[in-house]
Amino acid sequence: MKIFVILLIFLSFSCGAAAQQRSLSYFLEQGKQNNPYLKDFENQSLSNKIDSQLLRATSQTQVGFINNNSYAPVIRGYGYDEAITNIANVTAIVQASHSIIGRKNMAEQYRSFHLQTQALADTIQLAEQDLFRVITDQYITAYGDQLTVAFNREVYDLMQQEDSILRKLTQSGAYKQTDYLTFYVTLQQQELIYQQSIFLYNTDYLTINYLCGITDTTVQSLQKPDITDSTSYDINQSVFYRRYTTDSLRLENQKALIGFEYKPKLGVYTDAGYNSSLQTTPYKNFGFSAGVNLTVPIYDGHQRRMKYSKTALQEKTRQSNRDFFLAQYHQQVAQLRQQLRSIDGLEAKINHQISYAYTLIKANNKMLQSGDIAMKDYITAINNYLTAKNLLTQNSVSRLKIISQLNYWNRQ
């Protein structure tokens, strides 16, 4: 019954795998499309573009209608002073006003919005980078589980084939009953290991769906992750470093805008319509007017100097953060490169050990059928093969994760 259950589980897994294979790029794209934080950043970027359009609109001539109507009667000598109120005041005019902003001032304001958009773009790329790293690591883990499932099935099938042969040899007296029971216990353990590896793969696969926002409990097979390592990295083009460049430009722009706050401001206006106190010849009070507004800052308690000081402190913080990042980056990349060399150095040795262990199993298999090998030696050979294959899987998974980390730090 146990054999039937495990075969049924495997057939279900195999059918799902045969139906369709999923790739790393599929999950990365799904995660990008479904992630709400990325959508929020993208909406902020669009909102920033609208703010730029608002600036353009406010810099144009503004036209509005003004209507004021008041009546302040004087009764028996009591009331507001007629010289101030004119008793009545009726205003109905259309006014056009325009603030004269220098080209350099406008250019810096537009540049401010552009830099905000660039900062948001950097943030979006950094958020994507973090999301892709988490999904990629989980994908590699699940892919390693898939390799383990296939290997455990291979060993389990091999031991099942030996089980029928050993049962007959035990019945014929070639092996003791205790030897056969020792082998059978090992077979049951391998069955449990196989079942557990399927369960672990299913769990890790569905975790990928969870991270990507995919609502689906169907477990399918995974393609080998297409992760390549490139040594032609330029840290100055990295998205991690680019944010410090953007911040530097943003602070320069901020200083320029502070300077323009203390420049004289000039505005012009004109209006036309009806403005009357209704005292004399109100029918003649249609007309127009024009004027100029000039504002010149004189003294504000040294606020400009304080604002420049704050900007200078922000620049020092930016430089400190940049230098710390570069130190961490070079240390991290050097450490990952060292780990990668160590793993690559182990791969050939592990493959040699696997080849030797598999050859030993085949040789022991022939000796087992003739009763010329102790059961414990055969089981030891199987355990050595299991250990070597598991070590190779762990080595492959670790290598992929290290390359993924290098790509994470050096994304352009």
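Read-outs: derived from the displayed coordinates by stated rules, not from any lab. Predicted, not measured: the structure shown is a model, and the values here were computed from it. Here the Cβ is made from the backbone with ideal geometry for all residues, glycine too, and neighbour counts use every protein chain on show.
Please tell me the relative contact order of the chain in percent, rounded to the nearest whole number, where contacts are Cα pairs under 8 Å and at least six residues apart. Let's see the in-between values first.
Values: 442 pairs, mean separation 100.9, N = 412.
Value for the chain: 24 percent.
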- Label corresponding to Rg and Dmax of the Cα atoms in Å when calculated from the structure given, among (1) 23.6, 100; (2) 39.2, 138; (3) 21.1, 67: (2)
- Task: Work through the residues other than K366 whose Cβ is under 12 Å from its Cβ and net out their charges, Lys, Arg +1 and Asp, Glu -1.
- Result: -1
- Query: Among all the lysines, which ones have a C-alpha under 23 Å from K224's C-alpha, if same-chain residues fewer than 8 places away are not counted?
  - Reply: K32, K349, K389, K401
- Hey, which aspartates and glutamates would be in cross-link range of K263, C-alpha to C-alpha under 19 Å, not counting anything within fewer than 8 residues on its own chain? E108, E252, D300
- Task: Using Cα centres only, tell me the gap between the stretch 346-380 and the stretch 124-157 in whole Å.
- Result: 30
- Query: Among R133, R399, R304, which one shows the biggest mean-square fluctuation in a GNM of the chain, springs joining Cα atoms closer than 10 Å?
  - Reply: R304
- Message: Within the chain, which whole H helices from DSSP have a Cα span along their axis of at least 24 Å and a mean Kyte-Doolittle hydropathy of 0.5 or more, if any?
- Response: 2-19
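Sort 72-83, 282-293, 149-160 by the packing proxy (mean of other Cβ within 10 Å over each peptide's residues), most packed first.
Listed from highest to lowest mean packing, they are 149-160, 282-293, 72-83.
Assuming R0 = 45 Å, can you tell me the calculated FRET efficiency for the pair K49 and L200, based on Cβ-Cβ distance, to the nearest 0.05? If you can, show how the numbers build up before the last one.
On the way: r = 47 Å, r/R0 = 1.04.
E between K49 and L200, to the nearest 0.05, is 0.45.
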- Identify which of L266, L200, L24 has the largest mean-square fluctuation in a Gaussian network model of the chain, with springs joining Cα atoms closer than 10 Å. L266
- Farthest toward positive dipole pole in the chain [+1 Lys/Arg, -1 Asp/Glu at C-beta], among I403, S248, N236: S248
- Query: Where does the charge balance sit around Y110 when Lys and Arg score +1, Asp and Glu -1, over other residues with C-beta under 12 Å from its C-beta?
  - Reply: +3
- Just subtract the alpha-carbon distance of Y269 and Y184 from 0.36 nm times their residue separation and send over the number in nm, one decimal. 20.7 nm
- Note on the structure: Between the modelled labels at K366 and Q338 (7 Å from Cα along Cα→Cβ) the distance in nm is 4.8
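Under the 0.36 nm per residue contour assumption, what length would be gained going from the current alpha-carbon distance of L249 and F288 to full extension? Show your work: numbers first, answer last.
Working: separation 39, 0.36 × 39 = 14.04 nm, distance 4.66 nm.
Value of the extension gain: 9.4 nm.
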- Query: Taking the Cβ of I350 as the center, what net charge do the other residues with Cβ under 14 Å away carry, scoring Lys and Arg +1 and Asp and Glu -1?
  - Reply: +1
